[in-house]
Amino acid sequence: THQWRGLIEEYRDRLPVTAATPVVTLLEGGTPLVPAQVLSERTGCEVYLKVEGANPTGSFKDRGMTMAISKAKEEGAQAVICASTGNTSASAAAYAVRAGMVSAVLVPQGKIALGKMGQALVHGARILQVDGNFDDCLTLARELSEKYPVALVNSVNPVRIEGQKTAAFEIVDMLGDAPDIHVLPVGNAGNITAYWKGYREYAADGLATRTPRMWGFQASGSAPIVDGAPVLKPQTIATAIRIGNPASWDFALAARDESGGLIDKVTDRQILSAYRLLASQEGVFVEPASAASVAGLLAKAEAGLVDPGQRIVCTVTGNGLKDPDWAVAGAPQPQIVPIDPEAAARSLGLLDR
Ligand code: F0G
């Protein structure tokens with residue numbers, strides 16, 4: 001059989017694990033790199049979507065979490081803690097179950113999507129809703145991990161970045177080289193840091209001839225890196241990236257500058273429009289934050305800033321099922337029909353054909 005073995009086994013020689021590391025895995029990674037036909041036509045480029053919602057808990061966080069929980073277990077931890085806008089907590093809770101550990105998660109009160117809350121609950125996490133935003137949650141989680149015997153599994157933990165960098169390896173392995181541009185949403189800025197590390201490592205070892213330009217996009221109401229200062233009250237419908245003071249800010253700037261890339265912002269309106277386009281025209285259902293990458297690419301293309309003929313990969317970071325409210329909102333209620341083929345046909349407009 002040829003089942004994908006999970007990213008630690010697939011990339012063992014490129015990760016900080018030894019034979020003594022207990023591998024805690026849900027066989028994450030190996031996600032689809034889907035050619036995006038409509039986006040390719042719109043940009044005149046060859047555009048792919050790296051569909052990270054296909055990971056076991058529905059987001060890219062599983063890449064970092066298999067590493068973080070495996071290393072925590074190796075070090076004898078019995079409990080883990082994280083701050084989260086939802087996806088990290090869902091992932092930490094699931095991997096803690098696999099490891100036989102207790103998980104505690106701190107989330108901003110009322111600001112995480114229902115699907116993510118459901119995941120943390122059903123996996124048995126201890127959940128605290130903090131009367132503050134993500135940045136406050138992270139400060140609190142850091143303090144607790146320093147004072148009490150709980151291991152911090154946020155992306156400020158460097159092994160998280162190690163796991164997440166494997167997405168860049170997978171892309172180069174599939175395409176045969178790095179793309180010209182890699183586009184992704186930016187929140188706490190761990191993922192852009194991780195991809196950049198992965199691309200650089202492959203290029204340094206001769207497995208790619210080049211590195212891509214890294215293009216990151218924040219939501220305009222939560223765009224501290226673009227605006228050049230922390231945002232005290234971050235706002236956006238893309239709750240996953242509602243972050244005002246990213247922990248990996250400096251690494252994100254390094255990724256941007258070393259790669260010749262950019263970090264810019266997109267409005268909630270642009271995010272929702274890309275979200276609907278992905279679902280209705282590419283057949284890929286992502287959560288709103290994930291659509292920030294595609295929204296950014298489309299905005300740059302419309303501004304004439306994307307030269308045709310390039311190979312471009314957009315990471316779509318999380319599954320649409322996590323936050324279905326935006327799919328339902330504003331959509332017409334499906335019609336109710338009796339159990340009658342003619343009535344059903346009439347409602348579907350089939351009689352007029
Ligand atoms: N997309 C999704 C779906 C996310 O959940 C996150 C971050 C990002 C993008 C941004 O990635 O933080 O590495 O720049 N979610 C974190 C969480 C903050 O708690 O789940 P980043």
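The values are calculated or read from the model by the stated rules, or taken from the named source; none is laboratory data. It should be emphasised that the depicted structure is a prediction, and the values quoted were computed from it without experimental measurement. Quick reminder, even Gly has a Cβ in these numbers, built from the backbone with ideal geometry, and neighbours come from all protein chains shown. With ligands, DNA and RNA removed, areas are computed over all heavy atoms of the protein, side chains included. Shrake-Rupley method; radii C 1.70, N 1.55, O 1.52, S 1.80 Å.
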Going through (1) within 15 Å of the ligand (Cβ to nearest atom); (2) within 23 Å of S155 (Cβ to Cβ) one by one, D268 fails only at (2)
All positions within segment 303-353 that are open to solvent by 80 Å² or more (accessible area, probe 1.4 Å), in contact (Cβ under 8 Å) with a residue 12 or more places away in the chain and not acidic (D, E): P308, L321, Q335
Counted residues, segment 292-302 - those being touching a residue at least 60 places away in the same chain (Cβ under 8 Å) and out of contact with any Pro (no Cβ under 6 Å at 6 or more places or on another chain): 7
For segment 92-105, what are the residues that are within 15 Å of the ligand (Cβ to nearest atom) and touching a Phe, Trp or Tyr at 6+ places or on another chain (Cβ under 9 Å)? S103
A194 fails exactly one of the following numbered conditions: (1) under 16 Å from the mean Cα position of the chain (by Cα); (2) open to solvent by 10 Å² or more (accessible area, probe 1.4 Å); (3) within 18 Å of G261 (Cβ to Cβ). What is the number of that condition? (2)
Between A238, A189, which is at negative phi and either modelled with pLDDT of 95 or more or within 15 Å of the ligand (Cβ to nearest atom) (or both)? A238
Filter segment 242-274 down to the residues that are free of Cβ contacts under 8 Å to residues at least 40 places away in the same chain and open to solvent by 50 Å² or more (accessible area, probe 1.4 Å) and list them by number. D250, D257, R269, Q270, S273
Only one of A94, A168, A141, A151 is touching a helix residue (DSSP H, G or I) at 6+ places or on another chain (Cβ under 6 Å), of a type in the set (G, A, S) and touching a residue at least 60 places away in the same chain (Cβ under 8 Å); which? A151
Evaluate segment 153-167: report whether one residue or more is charged (D, E, K, R), in contact with a Lys or Arg (Cβ under 7 Å, 6 or more places away or on another chain) and within 13 Å of the ligand (Cβ to nearest atom). yes
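Okay, residues lined up against (1) under 21 Å from G64 (Cβ atoms); (2) away from the ligand (no atom under 11 Å from the Cβ):
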position	(1), (2)
D180	no, yes
P185	yes, no
W196	yes, yes
R210	no, yes
K233	no, yes
A254	yes, yes
G261	no, yes
D264	no, yes
Any residue at all in segment 68-86 that is within 12 Å of the ligand (Cβ to nearest atom), open to solvent by 10 Å² or more (accessible area, probe 1.4 Å) and out of contact with any Gly (no Cβ under 6 Å at 6 or more places or on another chain)? yes
